[in-house]
Structures are given as structure tokens and as C-alpha cells.
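*Asks:* Quick one: this structure, given as C-alpha cells, is what I'll be asking you about.
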Amino acid sequence: MSLRCVSRTSGLAGRLIVRSARLTDHDAIREVVRAAYQQYEPVTGSELFSRYIADLLDFERHSRHGQLIVAELDGAVRGSGAFYPDVSVQGLGWPRGWAGGRALAVHPEARGHGVAQALLAAAECLARHHGAPVFALHTASFMTTAIALYDRLGYRRAPEFDRDLGAFLGLAAQATFRSVAYVRDLSADQPGTSSADETRLATAAQA
């Protein structure tokens, strides 16, 4: 992970650091993802949920096509996500050359402390340093809190890239939920200096 995109801030919640994940973080990431998404199993049903979690926890695929990043709060991993320098490899219809994210998760005990914003800011920073014109991601239609976050942070809806979540996960015969597409145009942003990137990251981490 570019040193420009590493975030280190301190606030009322403690010291928040966003960095590249290590192999030794994988167990902690699994715990974070399962804790963050468990609330949705009653909504999706067990079959869809198990496939969804398996996709989010596919570390081999995330690492092969991009990189895992984590957020530490006072030394404990409390958030995670996957950055893709070319998001088209996800197979969700994104154009080649766009960057994107996947599997953003924040442990329920760490919500409200700017962890998700810091992870997104780090991923956008990485996208800029890879020269991507757009940063793109999907969230599920039942994740209303995530949708509200992306709207608040200024992401733009891109319904032309919405997909059926069940079909993507191999449940083509079963109508399920939408994968809702959001994008941020990075071409309008001038690549910042190291200090400018750090300011953006610090602001997000303290939000």
C-alpha cells in the first residue's frame, strides 16, 4: 500500500490506522466481516447469506486481483475491505480501467468512529495513485445504512451497473436482491501531493 494512502489519526475513539493487511490479519478480518454482516442473514435467508459471506471472504481472489486493507482501532482490527486497481475483474460489468472496492466491513462495536470513511478514503487514494478515472463499488439493496453513507459521502448512483445479487452468486433461478452500484469520478480531482492525500485521509478517519 502506498505510504501516501496510509492513515494514522487519533481521536476520542482512540488511534485509528488504515494499512495493508497481512496474512496474520486474516482471522481478524473474518471475525469483522462475519460480525458486520450477520444481521442480514434473517433478511437474505441462509443459502444466499452463506454464498455472500463466502464471496466476501475470498481472500485468495481479493489478493490476486488487488489488495486487502484493514483499519486498526487502538491496535485491534475493526474494519476491512478489498481494493481492486481494475474493478472489471469482479465480473459485475464495470468498465476496464476503473478501480473499485469490495467487502467493506466495520465491526459493530466500532461503528460511528469514522472507520468506514477512513477505509474508503484510503481506497480512493490508492485508485488515484493507480491512475483510475473512477472508483466504483456495489452494496446490497438491503444495506440501507451503507447506502445512506455513500449518499452522504457524495457517491453517485449508477443504476446501469446494478446487478441481481442472487444471479451473481449462482442462484440464477431465484429472484433475490439488487447489488446497488455507486461511483465516484476521480478525473475531476487533481492528484494531490502527499500532504493533501494525508489531509483527506485524516479528515475521513475523524468523521
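*Asks:* Assuming R0 = 30 Å, what is the FRET efficiency of L153 and R64, from their Cβ-Cβ distance, to the nearest 0.05?
*Replies:* Using R0 = 30 Å, I get an efficiency of 0.60.
*Asks:* Mind giving me the nanometre distance, one decimal, between the label points for R8 and A188, set 7 Å out from Cα along Cα→Cβ?
*Replies:* Label at R8, label at A188, 3.4 nm between them.
*Asks:* Rounded, prolate or oblate: which fits the stretch 3-206, taking a ≥ b ≥ c as square roots of the Cα gyration tensor eigenvalues, rounded meaning a/c under 1.5, else prolate when a/b beats b/c?
*Replies:* oblate
*Asks:* What percent do you get for the relative contact order of the stretch 21-103 when only Cα pairs under 8 Å and 6+ apart count?
*Replies:* Relative contact order, the stretch 21-103: 25 percent.
*Asks:* What does the charge dipole of the stretch 3-206 about its Cα centre add up to, to the nearest 20 debye, if the Cβ of each Lys and Arg holds +1 and the Cβ of each Asp and Glu holds -1?
*Replies:* Taking the Cα centre of the stretch 3-206 as origin, the dipole is about 260 debye.
*Asks:* Quote to one decimal, in nm, the extra length available between E41 and E109 on full extension: 0.36 nm per residue of separation minus the C-alpha distance between them.
*Replies:* Gain in length upon complete extension: 22.6 nm.
*Asks:* Let me ask another. Could you please rank D86, D27, placing first whichever residue has the fewest other Cβ atoms within 10 Å of its Cβ?
*Replies:* Exposure proxy ranking, most exposed first: D27, D86.
Quick note: the coordinates plus some simple rules give every number you see, no bench work behind them. Remember, predicted model here, so these are calculated numbers, not experimental data. Neighbour counts are summed over all protein chains in view; Cβ atoms, including those assigned to glycine, are modelled from backbone coordinates with ideal geometry.
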